[in-house]
Amino acid sequence: MTVEKVERIRQRLTEALAPVELDVIDEGHKHAGHSGEGRGHFFARIVSPAFAGKNPIERHRMVYAALGDMMPDGIHALAIEAKAPGE
């Protein structure tokens, strides 16, 4: 199930933001015993031209918008590193 979530996250971010670099890592193992255990803890590192000229908050909002309904339902926690090319 987690592999499927990682692939869904990758697909949505790719479709929405056309990244030149994208890493999505399942970090659920770091949260054993946490209240959100089993609901998905992920790290996304994304480099996209879409982030050029945007501040960190705007970039995070773009990522959240791309993931849409996955945020409240399939993802409990998401750490984001969002950069424009060359940063």
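Separation between the Glu7 and Ala65 pseudo-spin-labels, each 7 Å from Cα along Cα→Cβ, expressed in nm?
Placing both labels 7 Å beyond Cα along the Cβ direction yields 2.8 nm.
When the dipole is taken about the Cα centre of the chain, and only Lys, Arg (+1) and Asp, Glu (-1) are charged at their Cβ, what size is it in debye, to the nearest 20? Numbers along the way, then the final one.
On the way: 11 positive and 13 negative charges, 36 e Å.
Computed about the Cα centre, the dipole is about 180 debye.
Report, by chain and number, residues whose modeled amide H sits under 5 Å from the one on Ile80, excluding near sequence neighbours (fewer than 5 apart, same chain).
For Ile80, the qualifying residues are Ala44.
Sort Lys5, Lys54 so that the residue with the fewest other Cβ atoms within 10 Å of its own Cβ comes first and the one with the most comes last. Could the numbers behind the result be given before it?
Working: Lys5 18, Lys54 15.
Neighbour counts put them in this order, fewest first: Lys54, Lys5.
Report, in degrees rounded to the nearest 10, the 0 to 90 angle that the Cα long axis of helix 56-67 makes with the longest principal axis of the chain.
60 degrees
What does the helix-only formula give at 222 nm for the chain: each DSSP H stretch with n ≥ 4 adding -39500 (n - 2.57), the total divided by the residues, and the result rounded to the nearest 500 deg cm²/dmol? Could you put the intermediate results ahead of the total?
Working: 3 runs with 32 residues, N = 87.
Rounded to the nearest 500, it is -11000 deg cm²/dmol.
If you fit an axis through the alpha-carbon atoms of helix 2-17 and take the longest principal axis of the Cα set of the chain, what angle between them do you get, 0 to 90°, nearest 10?
So the inclination is approximately 20 degrees.
May I ask you to compute the full-extension gain from Ala77 to Asp23, defined as 0.36 nm times their residue separation minus their alpha-carbon distance, rounded to one decimal in nm?
17.9 nm
Bear in mind these aren't lab numbers, they're just calculated from the coordinates by the rules spelled out. Note that this is a predicted model, so its numbers are computed, not measured. Virtual Cβ from ideal backbone geometry, glycine too; neighbours counted across all protein chains shown.
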